[in-house]
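Have a look at the structure below before the remarks.
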Amino acid sequence: MKRVVFPGSFDPITKGHLDIIERAAKIFDEVIVAVLVNVDKKGLFTIDERVKLIEKTVSNINNVKVKSFKGLLIDFLKREGCTTVVKGLRNATDYDYEVQMAIINKALDEKIETLFLIAKSEYCSVSSSVVKQIGMLNGDIKKFIPSCIIEDFNDKINKITRGGENE
Ligand code: PNS
(Lines give C-alpha, C1' and ligand atoms only; values in the text may rest on other atoms or scores of the structure.)
Protein backbone atom coordinates (compact mmCIF):
# COMPACT_ATOMS: atom_id res chain seq x y z
CA MET A 1 0.00 0.00 0.00
CA LYS A 2 1.42 3.40 -1.02
CA ARG A 3 1.15 5.86 1.88
CA VAL A 4 2.21 9.48 2.15
CA VAL A 5 2.44 11.99 4.99
CA PHE A 6 1.36 15.60 4.46
CA PRO A 7 2.86 17.52 7.41
CA GLY A 8 2.13 21.09 8.46
CA SER A 9 0.84 23.51 11.07
CA PHE A 10 -2.68 23.79 9.59
CA ASP A 11 -3.65 26.75 11.82
CA PRO A 12 -6.23 26.52 10.25
CA ILE A 13 -6.48 24.26 7.18
CA THR A 14 -6.99 26.34 4.00
CA LYS A 15 -8.49 25.55 0.60
CA GLY A 16 -4.90 25.32 -0.66
CA HIS A 17 -4.13 22.56 1.86
CA LEU A 18 -7.37 20.78 0.95
CA ASP A 19 -6.45 20.86 -2.74
CA ILE A 20 -3.09 19.19 -2.00
CA ILE A 21 -4.81 16.55 0.18
CA GLU A 22 -7.38 15.77 -2.55
CA ARG A 23 -4.72 15.48 -5.24
CA ALA A 24 -2.43 13.34 -3.03
CA ALA A 25 -5.40 11.09 -2.16
CA LYS A 26 -5.78 10.30 -5.89
CA ILE A 27 -2.11 9.35 -6.23
CA PHE A 28 -1.62 7.42 -2.97
CA ASP A 29 -3.64 4.65 -1.28
CA GLU A 30 -3.54 6.55 2.00
CA VAL A 31 -2.73 10.15 2.99
CA ILE A 32 -1.84 10.93 6.61
CA VAL A 33 -2.26 14.61 7.40
CA ALA A 34 0.18 15.26 10.26
CA VAL A 35 -0.29 18.34 12.44
CA LEU A 36 2.91 19.54 14.11
CA VAL A 37 2.71 20.13 17.86
CA ASN A 38 4.96 23.18 18.19
CA VAL A 39 5.47 23.93 21.89
CA ASP A 40 7.29 27.21 21.11
CA LYS A 41 4.49 28.72 19.06
CA LYS A 42 0.97 29.34 20.30
CA GLY A 43 -1.45 29.20 17.42
CA LEU A 44 -4.99 30.45 16.93
CA PHE A 45 -6.39 26.91 17.25
CA THR A 46 -5.22 24.22 19.68
CA ILE A 47 -3.77 21.06 18.12
CA ASP A 48 -6.97 19.11 18.92
CA GLU A 49 -9.06 21.81 17.29
CA ARG A 50 -6.85 21.80 14.18
CA VAL A 51 -7.13 18.01 13.93
CA LYS A 52 -10.95 18.21 14.28
CA LEU A 53 -11.21 20.95 11.63
CA ILE A 54 -9.16 18.86 9.19
CA GLU A 55 -11.19 15.73 9.99
CA LYS A 56 -14.39 17.65 9.29
CA THR A 57 -12.92 18.97 6.01
CA VAL A 58 -11.78 15.55 4.73
CA SER A 59 -14.71 13.49 6.06
CA ASN A 60 -15.81 12.67 2.50
CA ILE A 61 -12.37 11.39 1.39
CA ASN A 62 -12.10 7.83 2.68
CA ASN A 63 -8.32 7.35 2.33
CA VAL A 64 -7.25 10.32 4.50
CA LYS A 65 -6.31 10.08 8.18
CA VAL A 66 -5.44 12.97 10.49
CA LYS A 67 -2.84 12.71 13.26
CA SER A 68 -0.61 15.04 15.28
CA PHE A 69 3.09 14.69 16.07
CA LYS A 70 5.76 16.17 18.29
CA GLY A 71 9.46 16.32 17.44
CA LEU A 72 11.12 15.40 14.19
CA LEU A 73 9.08 14.56 11.13
CA ILE A 74 11.39 11.64 10.30
CA ASP A 75 10.60 10.06 13.71
CA PHE A 76 6.87 10.38 13.02
CA LEU A 77 7.43 8.79 9.60
CA LYS A 78 9.31 5.93 11.24
CA ARG A 79 6.49 5.33 13.74
CA GLU A 80 3.98 5.32 10.87
CA GLY A 81 6.13 3.00 8.75
CA CYS A 82 6.03 5.55 5.94
CA THR A 83 8.92 6.97 3.88
CA THR A 84 7.19 9.51 1.63
CA VAL A 85 6.30 13.13 2.36
CA VAL A 86 4.16 15.38 0.17
CA LYS A 87 4.23 19.18 0.29
CA GLY A 88 2.60 21.89 -1.77
CA LEU A 89 4.65 24.59 -3.48
CA ARG A 90 3.06 28.00 -4.00
CA ASN A 91 6.05 30.15 -4.97
CA ALA A 92 9.83 30.56 -4.89
CA THR A 93 9.82 31.22 -1.14
CA ASP A 94 8.10 27.88 -0.51
CA TYR A 95 10.54 26.25 -2.93
CA ASP A 96 13.63 27.57 -1.12
CA TYR A 97 12.32 26.54 2.30
CA GLU A 98 10.85 23.18 1.32
CA VAL A 99 13.87 22.06 -0.68
CA GLN A 100 16.04 22.76 2.35
CA MET A 101 13.70 20.74 4.58
CA ALA A 102 13.59 17.89 2.06
CA ILE A 103 17.40 17.78 1.89
CA ILE A 104 17.70 17.85 5.70
CA ASN A 105 15.12 15.09 6.10
CA LYS A 106 16.99 12.97 3.54
CA ALA A 107 20.30 13.64 5.33
CA LEU A 108 18.67 12.48 8.59
CA ASP A 109 17.13 9.42 6.96
CA GLU A 110 18.24 8.32 3.49
CA LYS A 111 14.97 6.43 2.91
CA ILE A 112 12.79 9.58 3.01
CA GLU A 113 11.52 10.95 -0.30
CA THR A 114 9.75 14.31 -0.54
CA LEU A 115 7.36 14.90 -3.42
CA PHE A 116 6.06 18.34 -4.35
CA LEU A 117 2.71 19.25 -5.85
CA ILE A 118 2.51 22.69 -7.44
CA ALA A 119 -0.34 24.72 -5.95
CA LYS A 120 -3.17 25.72 -8.25
CA SER A 121 -2.86 29.38 -9.26
CA GLU A 122 -5.94 30.41 -7.24
CA TYR A 123 -4.25 29.17 -4.06
CA CYS A 124 -0.76 30.60 -4.63
CA SER A 125 -1.34 33.50 -2.25
CA VAL A 126 -3.44 31.65 0.32
CA SER A 127 -1.85 30.87 3.68
CA SER A 128 -3.11 30.21 7.21
CA SER A 129 -1.37 33.43 8.36
CA VAL A 130 -3.18 35.57 5.78
CA VAL A 131 -6.51 33.91 6.68
CA LYS A 132 -5.95 34.64 10.39
CA GLN A 133 -5.04 38.25 9.68
CA ILE A 134 -8.12 38.83 7.50
CA GLY A 135 -10.35 37.14 10.11
CA MET A 136 -8.98 39.20 13.00
CA LEU A 137 -9.62 42.36 10.98
CA ASN A 138 -13.24 41.33 10.24
CA GLY A 139 -12.56 40.54 6.58
CA ASP A 140 -14.29 37.85 4.53
CA ILE A 141 -12.37 34.56 4.65
CA LYS A 142 -14.94 32.48 2.68
CA LYS A 143 -12.76 32.29 -0.43
CA PHE A 144 -9.79 30.91 1.48
CA ILE A 145 -10.95 28.22 3.90
CA PRO A 146 -13.19 25.16 3.38
CA SER A 147 -16.87 26.13 3.75
CA CYS A 148 -17.53 23.50 6.44
CA ILE A 149 -15.14 25.21 8.91
CA ILE A 150 -16.19 28.85 8.36
CA GLU A 151 -18.53 28.79 11.37
CA ASP A 152 -15.83 27.28 13.62
CA PHE A 153 -13.37 29.91 12.41
CA ASN A 154 -15.77 32.81 13.00
CA ASP A 155 -16.67 31.44 16.46
CA LYS A 156 -12.99 31.36 17.39
CA ILE A 157 -12.38 34.90 16.14
CA ASN A 158 -15.47 36.14 18.03
CA LYS A 159 -14.30 34.41 21.24
CA ILE A 160 -10.88 36.02 20.97
CA THR A 161 -12.09 39.49 20.14
CA ARG A 162 -14.77 39.35 22.88
CA GLY A 163 -13.01 37.34 25.59
CA GLY A 164 -9.32 38.01 25.12
CA GLU A 165 -8.60 34.30 24.44
CA ASN A 166 -5.21 33.52 22.78
CA GLU A 167 -3.90 37.05 23.37
O1 PNS B 1 2.84 24.37 7.88
P2 PNS B 1 4.32 24.34 7.66
O3 PNS B 1 4.99 25.53 8.26
O4 PNS B 1 4.65 24.17 6.20
O5 PNS B 1 4.88 23.04 8.41
C6 PNS B 1 6.26 22.85 8.62
C7 PNS B 1 6.54 21.41 9.09
C8 PNS B 1 5.61 21.00 10.22
C9 PNS B 1 6.34 20.46 7.94
C10 PNS B 1 8.03 21.37 9.54
O11 PNS B 1 8.26 22.45 10.38
C12 PNS B 1 8.42 20.08 10.25
O13 PNS B 1 8.49 19.03 9.66
N14 PNS B 1 8.65 20.20 11.58
C15 PNS B 1 9.03 19.08 12.42
C16 PNS B 1 10.50 19.21 12.89
C17 PNS B 1 11.43 18.64 11.84
O18 PNS B 1 11.40 17.49 11.52
N19 PNS B 1 12.28 19.51 11.26
C20 PNS B 1 13.18 19.11 10.19
C21 PNS B 1 14.60 19.13 10.58
S22 PNS B 1 15.13 20.76 11.06
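In table form, for the structure just shown:
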| read-out | value |
| --- | --- |
| Residues whose placed amide H lies under 5 Å from that of Leu89, excluding near-sequence neighbours | Leu117, Ile118, Ala119 |
| Lys, Arg +1 and Asp, Glu -1 on Cβ, resulting dipole of the chain about Cα centre, debye, nearest 20 | 160 |
| Within the chain, helix-based [θ] at 222 nm, where runs of 4 or more DSSP H residues each add -39,500 (n - 2.57), nearest 500 | -13500 deg cm²/dmol |
| Accessible-area ranking of Lys120, Lys41, largest first, probe 1.4 Å | Lys41, Lys120 |
| For the chain: span of alpha carbons on each principal axis (Å, largest first) | 49, 32, 32 |
| Exceeding the 20 Å Cα-Cα cut-off - candidates Lys56/Lys120; Lys15/Lys106; Lys78/Lys120; Lys87/Lys111; Lys42/Lys65; Lys41/Lys70 | Lys56/Lys120; Lys15/Lys106; Lys78/Lys120; Lys42/Lys65 |
| The range 36-149, accessible area per residue, ligands and nucleic acids excluded (1.4 Å, Å²) | 62 |
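The values are calculated or read from the model by the stated rules, or taken from the named source; none is laboratory data. Keep in mind it's a predicted model, so treat the numbers as computed, not measured. Quick reminder, even Gly has a Cβ in these numbers, built from the backbone with ideal geometry, and neighbours come from all protein chains shown. For the accessible areas, the whole protein counts, side chains as well, though only heavy atoms, and no ligand, DNA or RNA atoms are used. Shrake-Rupley method; radii C 1.70, N 1.55, O 1.52, S 1.80 Å.
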